[in-house]
Amino acid sequence: MMQYLTALLRNGNHTLVVAGGDGEVRTFDRRGVADLFDLLTAEPQFLRGAIVADKVVGKGAAALMISGGVAEVHTDIISEDALALFAESNVRVTFDRQVPFIRNRTGTGCCPVEALCRDCATAAECLPRIRNFILNS
């Protein structure tokens, strides 16, 4: 299943592909963590036990996936902080490249969500910060 999802991610030029716990496959195209946040808040049951292919996973995305009960994730790029957060969870993670942090869209510094979550010890601590960022952006 993961090979199918990663092929769909890359060939369709999507940012996120999720096979829900029920097996339904959905593709997403927004940047950042907006799609994951929407799934977690509007359809949390879809993430429970899901398999996810994502282009880039920072600590914020990791927190949303962990909070949603995702079972497995593969990403092209993952930050050190995201990997550390996943290490404290039951999520199976594979990736192509690990980086110290996720860069912002202009490439001039750290992604704002990654920066917001940097000093959080758990996924639960990240959630209010992500919610505030999404709702005020």
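The values are calculated or read from the model by the stated rules, or taken from the named source; none is laboratory data. What you are looking at is a predicted structure, and each value in this text was computed from that prediction instead of being measured. Neighbour counts run over all protein chains shown; Cβ positions are idealised from the backbone, glycine included. Protein only, heavy atoms only, side chains kept; ligands, DNA and RNA dropped before computing areas. Shrake-Rupley method; radii C 1.70, N 1.55, O 1.52, S 1.80 Å.
Rank Arg118, Arg105, Arg92 by accessible area, highest first, at a 1.4 Å probe radius?
Working: Arg118 115, Arg105 165, Arg92 140 Å².
Listed by decreasing accessible area, they come as Arg105, Arg92, Arg118.
To one decimal place, what Kirkwood hydrodynamic radius in Å is obtained for region 39-137 from all pairs of distinct Cα atoms?
Kirkwood hydrodynamic radius for region 39-137: 13.4 Å.
Give me the accessible area per residue for the chain, probe 1.4 Å, as a whole number in Å².
Per residue, the chain has 51 Å² of solvent-accessible surface.
Who wins for biggest fluctuation among Thr15, Thr27, Thr41 in a Gaussian network model of the chain, springs between alpha carbons below 10 Å?
Its mean-square fluctuation being the largest, the pick is Thr41.
What residue among Phe28, Leu135, Cys110 has its Cα farthest toward the positive end of the dipole of the chain, where the charges are +1 on Lys, Arg and -1 on Asp, Glu, each on the Cβ?
Result: Cys110.
Residue by residue through region 2-7, what is 3J(HN,Hα) from phi via Karplus (6.51 cos²θ - 1.76 cosθ + 1.60, θ = phi - 60°)? Round to whole Hz and write x for glycine and proline.
After applying 6.51 cos²θ - 1.76 cosθ + 1.60, I find 4, 4, 4, 5, 5, 5 Hz.
Once ligands and nucleic acids are excluded and a 1.4 Å probe is used, how much of His74 is accessible, expressed in Å² to the nearest 10?
20 Å²
What FRET efficiency, computed as 1/(1 + (r/R0)^6) with R0 = 22 Å and r the Cβ-Cβ distance, is obtained for Thr122 and Thr41, rounded to the nearest 0.05?
The computed FRET efficiency comes out at 0.75.
Can you tell me the Rg and the Dmax, both Å, for the Cα atoms in region 92-137?
Expressed in Å, the Cα Rg and Dmax of region 92-137 come to 12.1, 32.
What are the ³J(HN,Hα) couplings of region 96-106, residue after residue, when phi is run through the Karplus curve with 6.51, -1.76, 1.60 and θ = phi - 60°? Round to Hz, x for glycine and proline.
Using θ = phi - 60°, the values come out as 8, 8, 9, 10, x, 7, 7, 7, 6, 5, 8 Hz.
Given H placed on each backbone N at 1.01 Å, which residues far from Cys110 in sequence or on other chains put an amide H within less than 5 Å of it?
Asn104
Excluding ligands and nucleic acids, what accessible area in Å² is computed for Ser89 using a 1.4 Å probe, to the nearest 10?
30 Å²
Return the calculated 222 nm mean residue ellipticity for the chain, to the nearest 500 deg cm²/dmol, obtained by summing -39500 (n - 2.57) across DSSP H runs with n ≥ 4 and dividing by the residue count.
Value at 222 nm, helices only: -12000 deg cm²/dmol.
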